[in-house]
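Below is one structure, written out as structure tokens; comments come after it.
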Amino acid sequence: MNESWESEIGGLLAELAEVQTTLLGVLEEKRRLLVAGDQAALAAMAAREQELAERLQLCHEQRQQMLSQASDAGLPSDSILSLSEHLPAESRHRLQASIREASSRTRLLQHQCLANWVLVQRSLLHLSQLIEIIATGGRMQPTYGKGSDRVAGGALVDQAA
């Protein structure tokens, strides 16, 4: 393999590392804003998130193109890691370390996304419970309607009820 493969793989990994690191910062900031309930700041983050999503998509397309070229050249094309196996030893060790770091950051990104998702889901559940309390006046409704004395009004909203 020639040096162009090394530079292509290295360039892809460098761009991926930058995008992943930036995205980790954005996810941390988003979690803080979710906890604070700052809707305006959360809405303002959408453009940054979209730009990072586009950059990740470009990395993916570059990877696919590189693997397609590797396949055409008769080289391993199932992953960047297997392609890097055919580089000279010094280049291979350096690039494989970068690949492991990118993989580690990917797992961290997955955990951060999951943590934010759980936070949002818990907030939605809490809001749902608040709406139910307001709608039922804080009284538990029987599962089946027979024999229930339904009060039409929310005790939290209208004290007369």
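How tilted is helix 89-136 with respect to the longest principal axis of the chain? Cα atoms for both, answer in degrees (0 to 90, nearest 10).
Approximately 10 degrees, to the nearest ten.
Can you compute the equivalent ellipsoid semi-axes for region 1-135, i.e. the square root of 5 times each eigenvalue of the Cα gyration tensor, sorted largest first and rounded to whole Å?
Its equivalent ellipsoid spans semi-axes of 41, 13, 13 Å.
Once you order the gyration tensor axes a ≥ b ≥ c over the Cα atoms, which shape class does region 81-122 get: rounded for a/c under 1.5, otherwise prolate or oblate by comparing a/b with b/c?
prolate
So what's region 1-47 giving for Cα Rg divided by 2.2 N^0.38 Å, two decimals?
That works out to 1.77 for region 1-47.
Divide by every residue of the chain the summed helix terms, -39500 (n - 2.57) for each DSSP H run of at least 4, and state the resulting mean residue ellipticity at 222 nm, rounded to the nearest 500 deg cm²/dmol.
-26500 deg cm²/dmol
Can you give the FRET efficiency to the nearest 0.05 for residue 116 and residue 79, using r as the Cβ-Cβ distance and R₀ = 45 Å?
E between residue 116 and residue 79, to the nearest 0.05, is 0.95.
Rounding to the nearest 10 and keeping the result within 0 to 90°, find how far the Cα-based axis of helix 3-36 lies from the longest principal axis of the chain.
Value to nearest ten degrees: 20.
What whole number of Å gives the distance from the Cα centroid of region 61-110 to the Cα centroid of region 5-33?
Their Cα centres are 16 Å away from one another.
Bear in mind that the values in this text are calculations on the coordinates, not laboratory data. Quantities reported herein were computed from a predicted structural model and do not represent experimental measurements. Virtual Cβ from ideal backbone geometry, glycine too; neighbours counted across all protein chains shown.
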